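J.: Shown below is the structure under consideration.
The values are calculated or read from the model by the stated rules, or taken from the named source; none is laboratory data. Remember, it's a predicted structure, so these values are computed and weren't measured experimentally. All Cβ positions, even for glycine, are placed from backbone atoms using ideal geometry, and neighbour counts span all protein chains on display.
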Amino acid sequence: MTSLFDLSQKHILVTGSNAGIGLQIARGLAQHGAHVILNGRNESKLQGAAEALRKEGLSVSEARFDLTQYARTTTGPYTAAKGGLKMLTKAMCADWARFNIQVNAIGPGYFITEMTQILADDPKFDGWVKQRTPAARWGIPSELIGAAVFLSSDASSFVDGQIIYVDGGMSAAL
Ligand SMILES: NC(=O)c1ccc[n+]([C@@H]2O[C@H](COP(=O)([O-])OP(=O)(O)OC[C@H]3O[C@@H](n4cnc5c(N)ncnc54)[C@H](OP(=O)(O)O)[C@@H]3O)[C@@H](O)[C@H]2O)c1
């Protein structure tokens, strides 16, 4: 019997995936059978990430491009705001669902990556995150894999226009 979460027939492009959250999500999707296309702007980071995943026996290829080149001038600034992304997810779902294209999003809380390491090293900011997050800690990027596999697999075939928050309860305690 095929698992609902099986991704072996899928080719998945993970944008911004030569480091940080994107790389962990790419790794997790590939571990669930997908062929993953890694993306980023920096060629050597991209090659390094692809090599590391291949050494783990995972199926990956690379596509170096700057994602912002694909943003229309009107949508770029709009989508830069996380609130805008939330509404964009809903709008894209409304437009595209009839073409059998699902649009969902993952809303991460605070996760330790290269980008946020400087904040995690700041005792004041670190204390604020721990106090503000009900789980009282930072997330680790691999904790986003479950939501990404769910949204990429048949297990979510009728889930559309949703944001799944993976945030240690932060959004529940606003
Ligand atoms: N870390 C958190 O706590 C957290 C929480 C909520 C949301 N987020 C969001 O999640 C995303 C990733 O965060 P992160 O912490 O994983 O950051 P990160 O460690 O800095 O990784 C960012 C990744 O995106 C790629 N990238 C950046 N600009 C790009 C562009 N224009 N086109 C294509 N690829 C691009 C980078 O590679 P190149 O430099 O080679 O392009 C890198 O692979 C960001 O949008 C961030 O705002 C992060």
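J.: Return the residue satisfying two criteria in turn: it lies in the range 127-169 and is in a helix (DSSP H, G or I) and of a type in the set (Ser, Thr, Tyr), and of such residues it is farthest from Phe99 (Cα to Cα).
T.: It comes out as Ser142.
J.: Next question. One residue is enough: does the range 133-153 have a residue meeting the conditions under 20 Å from Ile25 (Cβ atoms), among the aromatic types (Phe, Trp, Tyr) and at pLDDT 95 or above?
T.: yes
J.: While we're looking at this one, here's another question. Kindly indicate the residue of the range 133-168 that is of a type in the set (Phe, Trp, Tyr) and closer than 14 Å to Leu4 by Cα and also farthest from the ligand (Cβ to nearest atom) among those meeting that condition.
T.: This residue is Phe158.
J.: Which residue out of Pro134, Pro141, Pro108 is within 17 Å of Ile12 (Cβ to Cβ) and in contact (Cβ under 8 Å) with a residue 24 or more places away in the chain?
T.: Going through Pro134, Pro141, Pro108 in turn, just one is within 17 Å of Ile12 (Cβ to Cβ) and in contact (Cβ under 8 Å) with a residue 24 or more places away in the chain: Pro141.
J.: Identify all residues within the range 103-137 that are of a type in the set (D, E, K, R) and under 15 Å from Leu23 (Cβ atoms); write none if there are none.
T.: Glu114, the sole residue that qualifies.
J.: I've got another one for you. Which condition does Val103 not pass, out of (1) touching a helix residue (DSSP H, G or I) at 6+ places or on another chain (Cβ under 8 Å); (2) outside any loop (DSSP other than H, G, I, E, B); (3) of a type outside the set (Lys, Arg), if it passes all the others?
T.: Condition not satisfied by Val103: (2).
J.: Kindly indicate the residue of the range 33-51 that is within 20 Å of Phe150 (Cβ to Cβ) and buried (at least 23 other Cβ atoms within 10 Å of the Cβ) and also farthest from the ligand (Cβ to nearest atom) among those meeting that condition.
T.: Selected residue: Ala34.
J.: For the range 1-32, what are the residues that are more than 13 Å from the ligand (Cβ to nearest atom) and hydrophobic (A, V, I, L, M, F, W, C)?
T.: Of everything in the range 1-32, those that are more than 13 Å from the ligand (Cβ to nearest atom) and hydrophobic (A, V, I, L, M, F, W, C) turn out to be Met1, Leu4, Phe5, Leu7, Ile12, Leu29, Ala30.
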